[in-house]
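For reference, the structure is listed below as structure tokens.
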Amino acid sequence: MGSSPNSKPKIIRGSAGYVLEDVPHMADYIPDIPTYSNPLQNNPAYSVVKQYFVHVDDSVPQKIIANKDSPRGVHFRRAGPRQRVYFESDDVQAAIVTCGGLCPGLNTVIRELVCALYHMYGVKKILGINGGYKGFYAHNTITLTPKSVNDIHKRGGTILGSSRGGHDTTKIVDSIQDRGINQVFIIGGDGTQRGADRIFEEIRRRRLKVAVVGIPKTIDNDIPVIDKSFGFDTAVEEAQRAINAAHVEAESGENGIGVVKLMGRYSGFIAMYATLASRDVDCCLIPESPFHLEGPGGLFEFTEKRLKENGHMVIVIAEGAGQELVSESIQSLNKQDASGNKLLQDVGLWISQKIKDYFNKQKRMTINLKYIDPTYMIRAVPSNASDNVYCTLLAQSAVHGAMAGYTGFTSGLVNGRQTYIPFYRITEGQNKVIITDRMWARLLSSTNQPSFTIAKTVSEEKREEEANGHISE
Ligand SMILES: Nc1ncnc2c1ncn2[C@@H]1O[C@H](COP(=O)(O)OP(=O)(O)O)[C@@H](O)[C@H]1O
Ligand SMILES: O=P(O)(O)OC[C@H]1O[C@](O)(COP(=O)(O)O)[C@@H](O)[C@@H]1O
Ligand SMILES: [Mg+2]
């Protein structure tokens, strides 16, 4: 037996403030593990590429903005094929699983994992686990071949099925061991990557020669560190269709208001980018930016102004926006889904009703409000061309990493480069829209909507001043 398993982060420091947040390797806990030359060097498609193999010391900086005195900062291991691999092709038994909610591109990732394993590394034994994590112990598996996955990227969803809940580390690792699986590719969001981390830790504890690799999936784009998640571009593009419809409806009625609800449980990226792309949106509401309805600087006042100016208005609202306001008026039941995610109230329906009540009852004004909820339609489409390419690179990077013996990592794009990121960096936080950043400022200037936060802060300041005896003009 070698040294005891060590799940502490692998941090390597170099000169001028260089830090590598490295990923675990099977050799960390399995001594004298044999290596083999990479079969890719005999592959006619790749053998001609100059410097095809990635140098072992290559890394990618997390932050690329620097000045002359700044330290080199945090880096991640650069993804790609290595000269030496830790598996013989015939010995590999790979498994692929998809977990959590749907996202455009899941099938493309599955397809490209299968093709990379098969065509690049000659791996012939590839299993698909049905129905998410619980599929390891409660469902059947299916055999995947390049032929069986040939057309799947043209379809939305996941051919493997997915689920929430059902993560039982012991049962999953028992099943991995019983089936002789030695490479596990786990496609899913923040919850899934947390689950993958637990599987990795248990595998390391049992000292198994099994590579555990995550591929980040989230339509909400809420996974930290990475540039963006696959399927996000497709979702933004698909959202345009709903916004266009809302705009057409709004323009055609007297005081027409189109309300579109988009996904985004805690992060409003889809709503923000869909708004920026469309230019037909008058107001975008996201979870990160609290808003208020009544009074000066509120949504009702702004809506009235826009209707007077333009005769119509389009509001885009992320599903997680204003949840505190909804809970104030509807009794919140604090329900959760099988994975423990909070079930949200329908803020789109709620805000639509509030706007109708305000104009019809308080203002005695005729409005025509149409509410569009395209959320599941957006999630269910196949990925677009650019997401397909992105999914391909993510999948190929994941396979190169597993073959090279790396484990306990997520394959991700950082500053436009494919990297291997340790699980703990992916699961430690959530990517959110920063409302004091330039991107949100761009949105505010494109819609000219009130900056509710600033309005609130100003009024809070005013209240405080008044309480302190300073009456402002
Ligand atoms: N903290 C956790 N530890 C272990 N497994 C988890 C954890 N959080 C979620 N999971 C599992 O990951 C899977 C997907 O999680 P979920 O939150 O539904 O979606 P997503 O991965 O897209 O965020 C589920 O099977 C769930 O049981
Ligand atoms: O109704 P479902 O299938 O639970 O999914 C709804 C949720 O899935 C999401 O798309 C995000 O899901 P993930 O956590 O799987 O990335 C949210 O925006 C949305 O609230
Ligand atoms: Mg999630």
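The values are calculated or read from the model by the stated rules, or taken from the named source; none is laboratory data. Quick caveat, the model's predicted, so the values are computed rather than measured. Positions of Cβ are generated from backbone atoms using ideal geometry, with glycine treated the same way; all protein chains shown enter the neighbour counts. What goes into the accessible areas is simple: the full protein's heavy atoms, side chains included, and nothing from ligands, DNA or RNA. Shrake-Rupley method; radii C 1.70, N 1.55, O 1.52, S 1.80 Å.
Descriptive notes on the structure:
- Some residue of the stretch 111-119 being within 30 Å of Ile11 (Cβ to Cβ) and either modelled with pLDDT under 95 or not assigned by the TED database to the domain that holds Gly180 (or both): no
- Odd one out for Ile199, checked against (1) surrounded by fewer than 22 Cβ atoms within 10 Å (Cβ to Cβ); (2) more than 16 Å from ligand 2 (Cβ to nearest atom): (1)
- Of residues in the stretch 166-196 being in a helix (DSSP H, G or I) and within 16 Å of ligand 2 (Cβ to nearest atom), the one most open to solvent (accessible area, probe 1.4 Å): Arg194
- Residue in the stretch 80-93 that is within 16 Å of ligand 1 (Cβ to nearest atom), of a type outside the set (A, V, I, L, M) and open to solvent by less than 10 Å² (accessible area, probe 1.4 Å) present: no
- Any helices (runs of 4 or more DSSP H) falling wholly within the stretch 253-361 and containing at least 1 residues that are among the aromatic types (Phe, Trp, Tyr): 269-278, 299-310, 347-357
- In the set (1) open to solvent by less than 20 Å² (accessible area, probe 1.4 Å); (2) more than 10 Å from the chain's Cα centre (by Cα), Arg205 fails one condition alone, (1).
- Scanning the stretch 142-167 for residues that are within 18 Å of Gly100 (Cα to Cα) and either among the β-branched types (Val, Ile, Thr) or more than 22 Å from the chain's Cα centre (by Cα) (or both) gives Thr158, Ile159.
- Matching residues in the stretch 175-222 - criterion: being within 16 Å of ligand 3 (Cβ to nearest atom), among the charged types (D, E, K, R) and in contact (Cβ under 8 Å) with a residue 60 or more places away in the chain: Asp190, Arg194, Asp197, Lys217, Asp222
Conditions (1) of a type in the set (Val, Ile, Thr); (2) touching an Asp or Glu at 6+ places or on another chain (Cβ under 9 Å); (3) surrounded by fewer than 20 Cβ atoms within 10 Å (Cβ to Cβ), marked per residue:
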| residue | (1), (2), (3) |
| --- | --- |
| Gly258 | no, yes, no |
| Leu299 | no, no, no |
| Ile317 | yes, no, no |
| Val326 | yes, yes, yes |
| Lys361 | no, no, yes |
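- Verdict on Gln183 being farther than 23 Å from Gly105 by Cα and more than 16 Å from ligand 1 (Cβ to nearest atom): no
- Looking only at residues of the stretch 202-224 that are within 16 Å of ligand 2 (Cβ to nearest atom) and assigned to a loop (DSSP other than H, G, I, E, B), we find that the one that is nearest to Ala271 (Cα to Cα) is Asp220.
- Checking each residue in the stretch 119-159 for being part of a strand (DSSP E or B), more than 22 Å from Ala380 (Cα to Cα) and open to solvent by less than 10 Å² (accessible area, probe 1.4 Å) picks out only Ile126.
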